[in-house]
Amino acid sequence: MGGVGTDPSGKNDDIQDRSSREWCDEALTRLNAGRPESALEAARRAADLDPGAEWAYRLISLAHERLGRDADALPAAERAVALAPGSWLARLRLAAVLRRRPGRWSDAVEHAEQARRFAPEEAGPEVLLGDLALLRGEHARAAHRYRAALAVAPAHPQARVNLALALLRWERPRPHHDPAWPVDPRETGRARRALEVWSRQARLLVAVTTVAIAAAALALDRGASARLAGFAVLALLVPLTVRQARRVRIWSYVPAMFGRDPWLGAGVVAAVVSVPAFAVWLVLGTAPAVPRALDPVWAGLAGVVVLGWPALAAVRAMAESWRGRPLRALEQALLAGPDRTARRDVEVTLWIVLVRTWSVLVPLVGVALVVEPRAAVAALAVPYPVVRGCLRARRMDDRWLVAATLLVVLSAAACAAGGLLGSAWAWRIGLGALAAAVAVFVARAARAWWRGGPGPWRAALIMCDLPMGSGPSAALTAEARRAISYARGVVLAYGDGLGPRVAGAAATVTSTGELRLIAGTEAWEAIEADPRVAVFAADPLQRRYWVEVRGIALADADVLRVTPKQVSVGEFPGRHQRR
C-alpha cells in the first residue's frame, strides 16, 4: 500500500500527516459519501498507524460489508471486540456482521443484547434487535424493540421505517429460510427454487392439457386421441419430478420451510392435488360407461386442475392486502421524513390500502345493486383512508397510484349518486371506474415486472438498513492519561441494588486507551450485574484539573478492563482561575 494519496479536495494526504483518528474520520466521511473502496484504504491506514484502534477495525468491517464481502467483514469486527470488549459500538458492529453468517444468528443476538446492556441510553442496539426479530418474522417483538428505540431517539429513521414493516407484518422476499438455521441459505434457496419450478410445471402442464383435451373433444370430436396425449403428459411428469427432487438436498428442512412460507407450501400442495385429479379425470373420461351421478365429480376435477392456480393467486392477493395494519404503518413511514426507503414504502403501503378499499367497494356495490340501491351511499366513506393517506404523503412519484385512487373515488361517488338518484348512467360510470382501477393496477404491475422495478405489491417493501457501529470511540487525552496513570488516588463509582457506591482503586492506562483497575471484591460482584462505571482522578502534580471516565467494566483475570464511553476533563475552582 502506498504512503501517498490524494483526497477529493486535492490536498496531499501523506500517511505521516494524519493521526489514526483523523484517518478514521476520513474513512467515515468516504463511507457516508458512498465510496467504500476508498474508505477501506483510509481505515487500513488508521489501523497501520495504531494497531490498537478498535474504531479503525470497525470501519474496515463496515467497508467490507458495503462491498458485499461479509466473510472479510467478520475478522475485522471480531478484532474490534477483542481490542475493546466493553465497547457497545464494537458489539453492535459484530452483531450486524454475524446476522449474515449461517449458523451465527444466536451469536448475533447475544452481541446485540450485550450492546444494549452496555448502552441502554442508545437507540442503535434496540434497532438492531428489532431488525433481528423482524427478519425472523417475529413482528410483535420487533415492534416492541423499535418503540423502545424511538423512546430514546424519536427521529430515528430506521426505527420508524422498520416499525412500519412490523405493523404491516412484512416478510422478506424469501421468507422460507429462518436466519437462525445452521444451514446455508443458498441450500434452502436451491430447495425452494426446485419445489417452485416443479409445482409450476406440474400445474401448468395439467391445466393446459385439460383445456386442450376438452377443446379437442367438443370442437373436433377427437377426444380419444387427446386423452392419449393426456396420459403422455402424466408420463412426462415423472422425469420432471425426479429431476427437481434431486435438487432438494435438505428434505429435513422442507416441512419447516412450508411452515415459514405457507404460500410455498400451498403451491406445492396444489400441484400434488392437481396431478392425481388430472389422472382421475382422464380415467373417468376413458371409461365406457360412467354413471351420471359422477358427472359433477368429473366436472369438479377439471375445475380443480384448471382453476386451482388462478384461485390460489386471487386468495393470496386478497390475504396479503388484508395482512397487518397499513394505516398505522403509513403513519410511521411518513414520520421517517425524506428517507428514500421510507418514500418507497409509503407508496407501496398506499397501494395496499387502495386494494383494501377496492375489495370493500366491490361487495358493497354488489349488495346495493341486488338488495337496496340507496345503500350505495355508504360507498362515499370507503375511500377516505386512502385519500387521507395520499394527502398526507403530499409528494408521490407514482402517477399510476394517483390515477387508480382517483378512479376509486370516482367509482364511490358515481355509485352513491346512482343509488340515490336512480341513474343508470351513474351506475355504469361507477362500475366502469372500478374496472378501470383494476386495469391501472395490472398495467402498473406489468410495467414494474417488465422493467424489473418495485411493483404495487408487498414484495416491493424493503427494510431500512443503515450502517451499524460506525461512530467514533471515546479518546483519552494526554491530560486524562497522565491523571489516571499517576494520580495518588483513583475513585471507582458503580451501582448495586442499594444505589451508587464508590471505592478506591489502582489504575493504569494501556496503549489502546483502555483502563485496567484493581478494586475490591464487592465492586466486582456489583459490576457483574451492571457493568457501567465511572472512574475519577485528579491532576497528580498541581491538582488543577480533574478527569472523569464513564465506561464499561468487564472482569479479566485479576483486573477490571474499562472501555471508555465518555471522557470529561475540568478544572478545580481556585486561585489559578482569578485574573
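The values are calculated or read from the model by the stated rules, or taken from the named source; none is laboratory data. Every value quoted in this text rests on a predicted model; they were computed, and no experiment measured them. Backbone-built Cβ (ideal geometry, glycine too); neighbour counts: all protein chains shown.
Per-structure values
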quantity: Criterion (at pLDDT 90 or above, part of a helix (DSSP H, G or I) and surrounded by fewer than 18 Cβ atoms within 10 Å (Cβ to Cβ)) met by exactly one of VAL269, VAL283; calculated: VAL269
quantity: Subset of segment 302-328 (residues that are surrounded by 19 or more Cβ atoms within 10 Å (Cβ to Cβ), within 26 Å of the chain's Cα centre (by Cα) and in a helix (DSSP H, G or I)); calculated: SER321, PRO326
quantity: Any hit, segment 549-559, residues being part of a loop (DSSP other than H, G, I, E, B) and on the phi > 0 side of the Ramachandran plot; calculated: yes
quantity: Filter pass, GLY452 being surrounded by fewer than 19 Cβ atoms within 10 Å (Cβ to Cβ), closer than 25 Å to THR563 by Cα and either within 27 Å of the chain's Cα centre (by Cα) or of a type in the set (Gly, Ala, Ser) (or both); calculated: no
quantity: Test result for ALA42, in contact with a Pro (Cβ under 7 Å, 6 or more places away or on another chain), crowded, with 20+ Cβ neighbours inside 10 Å and in contact (Cβ under 8 Å) with a residue 12 or more places away in the chain; calculated: no
quantity: Those residues of segment 525-538 which are more than 15 Å from THR563 (Cβ to Cβ), within 39 Å of the chain's Cα centre (by Cα) and not charged (D, E, K, R), in sequence order; calculated: ALA526, ALA529
quantity: From ARG227, ARG260, residue being over 23 Å from VAL183 (Cα atoms), surrounded by 14 or more Cβ atoms within 10 Å (Cβ to Cβ) and basic (Lys, Arg); calculated: ARG227
quantity: Neighbours by Cβ (under 6 Å, 6+ apart or cross-chain): first from segment 97-118, crowded, with 16+ Cβ neighbours inside 10 Å; second basic (Lys, Arg); calculated: LEU98/ARG104; ALA108/ARG99; HIS111/ARG91; GLN114/ARG91; ALA115/ARG91
quantity: Count of segment 329-341 residues which are surrounded by fewer than 24 Cβ atoms within 10 Å (Cβ to Cβ) and assigned to a helix (DSSP H, G or I); calculated: 5
quantity: Those residues of segment 2-27 which are under 22 Å from GLU78 (Cβ atoms) and either modelled with pLDDT of 95 or more or out of contact with any Pro (no Cβ under 8 Å at 6 or more places or on another chain) (or both), in sequence order; calculated: SER20, TRP23, ALA27
quantity: Residue tally, condition among the small types (Gly, Ala, Ser) and closer than 21 Å to GLN158 by Cβ, over segment 317-368; calculated: 6
quantity: Any hit, segment 493-514, residues being at pLDDT below 85 and either within 35 Å of the chain's Cα centre (by Cα) or among the hydroxyl-bearing types (Ser, Thr, Tyr) (or both); calculated: yes
quantity: Subset of segment 492-521 that is of a type in the set (Ser, Thr, Tyr) and in a strand (DSSP E or B) - its residue that is surrounded by the fewest Cβ atoms within 10 Å (Cβ to Cβ); calculated: THR508
quantity: Conditions (1) in a helix (DSSP H, G or I); (2) at positive phi; number of the one not met by TRP198; calculated: (2)
quantity: Single unsatisfied condition, ARG186 versus (1) among the basic types (Lys, Arg); (2) farther than 30 Å from ARG343 by Cα; (3) touching a residue at least 40 places away in the same chain (Cβ under 8 Å); calculated: (3)
quantity: Condition check for ARG260: out of contact with any strand residue (DSSP E or B) (no Cβ under 6 Å at 6 or more places or on another chain), in contact (Cβ under 8 Å) with a residue 60 or more places away in the chain and of a type in the set (D, E, K, R); calculated: yes
quantity: Residues of segment 510-541 classified as more than 24 Å from PRO120 (Cα to Cα) and touching a strand residue (DSSP E or B) at 6+ places or on another chain (Cβ under 6 Å), total; calculated: 6
quantity: The listed residue being of a type outside the set (Gly, Ala, Ser), modelled with pLDDT under 95 and in contact with a Lys or Arg (Cβ under 9 Å, 6 or more places away or on another chain), out of ARG428, ARG458, ARG451, ARG447; calculated: ARG458
quantity: Matching helices (runs of 4 or more DSSP H) fully within segment 74-158 where at least 2 residues are over 29 Å from ALA553 (Cβ atoms); calculated: 124-135, 139-152
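So that you can scan it fast, the table gives a plain yes or no per residue for (1) outside any helix (DSSP H, G or I); (2) among the basic types (Lys, Arg); (3) within 21 Å of ARG328 (Cα to Cα):
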{"site": "GLY389", "(1), (2), (3)": "no, no, yes"}
{"site": "TRP400", "(1), (2), (3)": "no, no, no"}
{"site": "VAL408", "(1), (2), (3)": "no, no, no"}
{"site": "LEU420", "(1), (2), (3)": "no, no, no"}
{"site": "ARG428", "(1), (2), (3)": "no, yes, no"}
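To keep it simple, each residue is scored yes or no on (1) over 30 Å from ALA526 (Cβ atoms); (2) surrounded by fewer than 15 Cβ atoms within 10 Å (Cβ to Cβ); (3) polar (S, T, N, Q); (4) touching a residue at least 40 places away in the same chain (Cβ under 8 Å).
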{"site": "ARG388", "(1), (2), (3), (4)": "yes, yes, no, no"}
{"site": "LEU391", "(1), (2), (3), (4)": "yes, yes, no, no"}
{"site": "ASP398", "(1), (2), (3), (4)": "yes, no, no, yes"}
{"site": "CYS415", "(1), (2), (3), (4)": "yes, no, no, yes"}
{"site": "ALA424", "(1), (2), (3), (4)": "yes, yes, no, no"}
{"site": "PHE441", "(1), (2), (3), (4)": "yes, no, no, yes"}
{"site": "ALA448", "(1), (2), (3), (4)": "yes, no, no, no"}
{"site": "ALA460", "(1), (2), (3), (4)": "yes, no, no, yes"}
{"site": "GLY471", "(1), (2), (3), (4)": "no, no, no, yes"}
